[in-house]
1. Here is a list of conditions, (1) surrounded by fewer than 10 Cβ atoms within 10 Å (Cβ to Cβ); (2) among the aliphatic types (A, V, I, L, M); (3) touching a residue at least 12 places away in the same chain (Cβ under 8 Å); (4) outside any loop (DSSP other than H, G, I, E, B), and residue 59 meets all of them except one; can you say which number that is?
2. May I ask you to verify whether residue 194 is surrounded by fewer than 11 Cβ atoms within 10 Å (Cβ to Cβ), free of Cβ contacts under 8 Å to residues at least 24 places away in the same chain and within 23 Å of residue 145 (Cα to Cα)?
3. Go through (1) outside any loop (DSSP other than H, G, I, E, B); (2) closer than 19 Å to residue 181 by Cβ; (3) more than 14 Å from the chain's Cα centre (by Cα) one by one and return the number of the condition residue 108 breaks.
4. Taking the condition of being of a type outside the set (Ser, Thr, Tyr), modelled with pLDDT of 95 or more and farther than 28 Å from residue 173 by Cα, how many residues in region 116-133 meet it?
5. Of the residues that sit in region 79-105 and are among the small types (Gly, Ala, Ser) and outside any strand (DSSP E or B), which one is farthest from residue 59 (Cα to Cα)?
6. Restricting attention to region 201-224, and to residues there that are open to solvent by 90 Å² or more (accessible area, probe 1.4 Å) and farther than 14 Å from residue 177 by Cβ, which single residue is modelled with the lowest pLDDT?
7. Give me a count of the residues in region 109-131 that are touching a His at 6+ places or on another chain (Cβ under 9 Å) and surrounded by fewer than 20 Cβ atoms within 10 Å (Cβ to Cβ).
Amino acid sequence: LVFLDEADKFGKTDASQELRLVVQQQLDDLQGVTRLRLQSTIPTGLDRRMKISRMVVNANEDIYALDQETGRVLRLLATRPEYEVDTSFMCGPGKYESVIVHELVDIELISYSNSLNATLMGIDRAGNLLLCSPAKSPVAISLKVPELGWGHIQAIAFNGYSLYLLDVDERTRDLYRLPAEGLTFSSNPESIFNGNIPTDLAKTTDMAIYEDNLFVLSQAGTLM
């Protein structure tokens, strides 16, 4: 590699570049390095006013991105190797029948088939759940309110069987579970702590679920 660096001072050729790739691959194998190729998602870029706070990817490699400025979700269709914006996708604040949905604060994939053909769910600060489908209008569900009300809903997690909601307000801090009855969620929110709520729960920022394990991330970077 040192010799190639010296040779490049006199000019690069296709042969030298090919050899550099071979040498770099051998070094990466020795050092246990995996290189990632980065590229622009959308060649034309996104509106600079957007602030993407959450991103999820489905099995088709389509990307759902939550803009925290508007509380709306952007759907990016995988055209390989790039993406294009699905302008027909609707998922954000608005009035859906009798439910008024505010700006979404978190999103989660729906990875199994369902009668609504919903592929994504989002939650707003008031505990309204929005089920979003490609080429269809969203369906809003006003979740039942816990005894102390909702404080500051920070995140949701969903595994097809249960919906988990993380409330990080100092007064109402808790982590709730709602059984998934299809996609109706008609039960009352139940605390998973049975009253023994961790005091540092208010300093958590996100969570994720994998099989039987629920991972909660703190602002300090530790996991519960």
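The values are calculated or read from the model by the stated rules, or taken from the named source; none is laboratory data. The structure displayed is predicted, hence computed values, not measured ones. Cβ sites come from the backbone with ideal geometry, for glycine too, and all protein chains shown count toward neighbours. For accessibility, only protein heavy atoms count, side chains too; no ligands or nucleic acids. Shrake-Rupley method; radii C 1.70, N 1.55, O 1.52, S 1.80 Å.
1. Checking residue 59 against (1) surrounded by fewer than 10 Cβ atoms within 10 Å (Cβ to Cβ); (2) among the aliphatic types (A, V, I, L, M); (3) touching a residue at least 12 places away in the same chain (Cβ under 8 Å); (4) outside any loop (DSSP other than H, G, I, E, B), the one that fails is (4).
2. yes
3. Failing condition for residue 108: (3).
4. Result for region 116-133: 1.
5. Result: 98.
6. 211
7. So the answer is 2.
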